[in-house]
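Q: Take a look at this one; I'll ask things after.
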There are 2 protein chains.
Amino acid sequence: MTSTASYRGRGRPRGFVEDEALDRAIHVFWEHGYEGTSLSDLTAAMGINKPSLYIAFGSKEELFKRALVRYKDTYVAYAAGTLEEPTAYAVIESYLRTAVDALTGSGHPPGCLSIQGGLSCAPSNSGISEFLAAYRAVFEGELAQRLARAEKEGDLVGGTDTAALARFVVTLGQGLAVHAAAGAGREDLQAAVEVGLRAIAAYVPSGTSVTPAAANGA
Amino acid sequence: MTSTASYRGRGRPRGFVEDEALDRAIHVFWEHGYEGTSLSDLTAAMGINKPSLYIAFGSKEELFKRALVRYKDTYVAYAAGTLEEPTAYAVIESYLRTAVDALTGSGHPPGCLSIQGGLSCAPSNSGISEFLAAYRAVFEGELAQRLARAEKEGDLVGGTDTAALARFVVTLGQGLAVHAAAGAGREDLQAAVEVGLRAIAAYVPSGTSVTPAAANGA
DNA sequence: GCATTTCTGTACCGAGTGGTAGGATCCGCC
DNA sequence: GGCGGATCCTACCACTCGGTACAGAAATGC
């Protein structure tokens, strides 16, 4: 229905692949933010012209929202995966470590679109910052739920404020994103994560396995 | 020299107080970011018109930079003060707690100007985001120095990676700012800080006093 | 072939951007 | 009072913004 596939209709076919153009848009928004990106920047990067953009995506704002959705499904897919880890500690550790890799990975701008996109905007664009804030809140909620389950399952000490723990983790993650956007390297961020994980260890019942060394694997 | 005081010169006197106008500018930039703020927004908030603004501050960009300097000297003066605390733990605890208060205080927009101002900008405004990043790096450096001193003085366990510790603290602080900008309340942020302080405790030699109260019991 | 349908390209729209010119206005000094 | 000097206000500048009208181009269906 959303015609992401190559629909062979009756008229002249599109000269571009929608998801491909969307990926280009993601990169521009990611690097320069919503307000720092003009339609000219977008059309130049996407390789299409304004009427085509408008027909395909509706408006700059709708394009941004669709870009964010795709961003989530591609660049941030790892986050959902981390929730599947067996224990609370493993979830948090996995999330923070993969976040660092994602924030500083090559092939895309550093940092996180959901923050760089528009932490604060002009009044006329306030919908953007609200949309982004709501988006960020979703993962925090999912993580809080996951940690609440973990507390019931006994791999967090009883009585742990799981909401606070989740908030701490995403807060640290967002701080990492800010740092990454400013050019901090992977090692720098990993070092901060190691410190943060020390805090988590305090909420893990003694006896539960906490990955022993810092960054190395099993 | 900078004529911040009311200089009685030979010509017509100014119809506004410079620092007062600067404070208004700070608030607008703080809430909407550099690119989300137009000259019209500024003149309306500052109560002066464009030529006066231009004569007094040079340009939008110079106004922003002067606003950031004043912001640092007023709204973020607490940060420098926290470095005077006697121990590393006290420094970090004081910084994070006062940061939460500052980020969610009344009488000004939530969050932090140095982040909301322009985490990422259009290419033509890249100087702004770089300027902000450099500004943020200053405090991280000061904190790292302070913690290095603390390690020598023995109130951090020997061999502590003080740079990583400093980076963790400011990373958490920046995450708090992102959350605050999105509307998180004081209690929410404090809860995250409590978790973070657990990590710090791991770097404090046993016997050193760690403020007991806060969130945990003993 | 030809009508139909859809997309592409150019050229344009009103509104708003950051920034400025020039004159009116108000002041201290003489 | 008159002069020189600094500020304030109106109106405007070239430019870019997001968004669109319209005609030409390329495909399908008959």
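The values are calculated or read from the model by the stated rules, or taken from the named source; none is laboratory data. Keep in mind the model is a prediction, meaning the values are calculated, not measured. Cβ coordinates were reconstructed from backbone atoms using ideal geometry, including for glycine residues, and neighbour counts include every protein chain displayed. In case anyone asks, the SASA skips ligands and DNA or RNA and just uses the protein heavy atoms, side chains included. Shrake-Rupley method; radii C 1.70, N 1.55, O 1.52, S 1.80 Å.
Q: When B:ARG66 is evaluated against the numbered criteria (1) more than 14 Å from chain A (Cβ to nearest Cβ); (2) free of Cβ contacts under 8 Å to residues at least 24 places away in the same chain; (3) within 16 Å of DNA strand D (Cβ to nearest atom), which criterion, by number, is the only one it fails?
A: Looking at each condition in turn, B:ARG66 falls short on (2).
Q: What tally of residues in region B:34-52 results from selecting those that are surrounded by fewer than 22 Cβ atoms within 10 Å (Cβ to Cβ) and not hydrophobic (A, V, I, L, M, F, W, C)?
A: 9
Q: From A:VAL100, A:VAL193, A:VAL138, grab the single residue that is open to solvent by 50 Å² or more (accessible area, probe 1.4 Å) and among the β-branched types (Val, Ile, Thr).
A: A:VAL138
Q: Quick one: what pairs do we get from region A:34-63, first residue within 14 Å of chain B (Cβ to nearest Cβ) and of a type in the set (D, E, K, R), second part of a loop (DSSP other than H, G, I, E, B) and more than 9 Å from DNA strand D (Cβ to nearest atom), C-beta under 9 Å, 6+ apart or different chains?
A: A:GLU35/A:GLY118; A:GLU35/A:CYS121; A:GLU35/A:ALA122; A:GLU35/B:GLY33; A:GLU35/B:GLU35; A:GLU35/B:GLY36; A:GLU35/B:CYS121
Q: Considering each residue of region B:73-114, count those that are touching a strand residue (DSSP E or B) at 6+ places or on another chain (Cβ under 8 Å) and either closer than 21 Å to B:ASP188 by Cα or without any contact (Cβ under 8 Å) to a residue 24 or more places away in the chain (or both), and give that number.
A: Count: 0.
Q: Take the residues in region B:69-82 that are more than 23 Å from B:SER129 (Cβ to Cβ) and of a type in the set (Gly, Ala, Ser); name whichever of them is nearest to DNA strand D (Cβ to nearest atom).
A: By that ranking, first place goes to B:ALA77.
Q: Please go through region B:69-90 and give me each residue that is outside any helix (DSSP H, G or I) and open to solvent by 40 Å² or more (accessible area, probe 1.4 Å), ordered by number.
A: Those that are outside any helix (DSSP H, G or I) and open to solvent by 40 Å² or more (accessible area, probe 1.4 Å): B:TYR75, B:GLU84, B:GLU85, B:PRO86.
Q: Now a separate question. Only residues in region A:127-149 that are more than 28 Å from A:GLU62 (Cα to Cα) count as the first member; pair them with residues that are among the charged types (D, E, K, R) and open to solvent by less than 60 Å² (accessible area, probe 1.4 Å), Cβ under 9 angstrom, at least 6 apart or cross-chain, and list the lot.
A: A:ALA144/A:ARG167
Q: Between residues in region B:180-202 that are at the interface with chain A (Cβ under 7 Å from one of its Cβ atoms) and residues that are crowded, with 24+ Cβ neighbours inside 10 Å and of a type in the set (Val, Ile, Thr), which pairs lie under 6 Å by C-beta distance while being six or more apart or on different chains?
A: So the pair list comes out as B:ALA192/A:THR171; B:ALA199/A:VAL195.
Q: Residue under question is A:GLU84, and the condition is that it be away from chain B (no Cβ under 14 Å), within 20 Å of the chain's Cα centre (by Cα) and within 15 Å of DNA strand C (Cβ to nearest atom); does it hold?
A: For A:GLU84, the condition - away from chain B (no Cβ under 14 Å), within 20 Å of the chain's Cα centre (by Cα) and within 15 Å of DNA strand C (Cβ to nearest atom) - is not met.
Q: Another question, if that's okay. For region A:108-127, state whether one or more residues are more than 14 Å from chain B (Cβ to nearest Cβ), of a type in the set (Gly, Ala, Ser) and either open to solvent by less than 50 Å² (accessible area, probe 1.4 Å) or within 16 Å of DNA strand C (Cβ to nearest atom) (or both).
A: No - not one qualifying residue is present in region A:108-127.
Q: Oh, and also: A:ILE55 passes all but one of (1) open to solvent by less than 70 Å² (accessible area, probe 1.4 Å); (2) farther than 22 Å from A:ALA133 by Cβ; which number fails?
A: (1)
Q: Name the one entry in A:SER114, A:SER126 that is over 19 Å from the mean Cα position of the chain (by Cα) and closer than 25 Å to A:GLY33 by Cβ.
A: A:SER126
Q: Shifting gears a bit: When the residues of region A:196-218 are narrowed to those that are of a type in the set (A, V, I, L, M, F, W, C), outside any helix (DSSP H, G or I) and open to solvent by 20 Å² or more (accessible area, probe 1.4 Å), which ends up modelled with the highest pLDDT?
A: My answer is A:ALA202.
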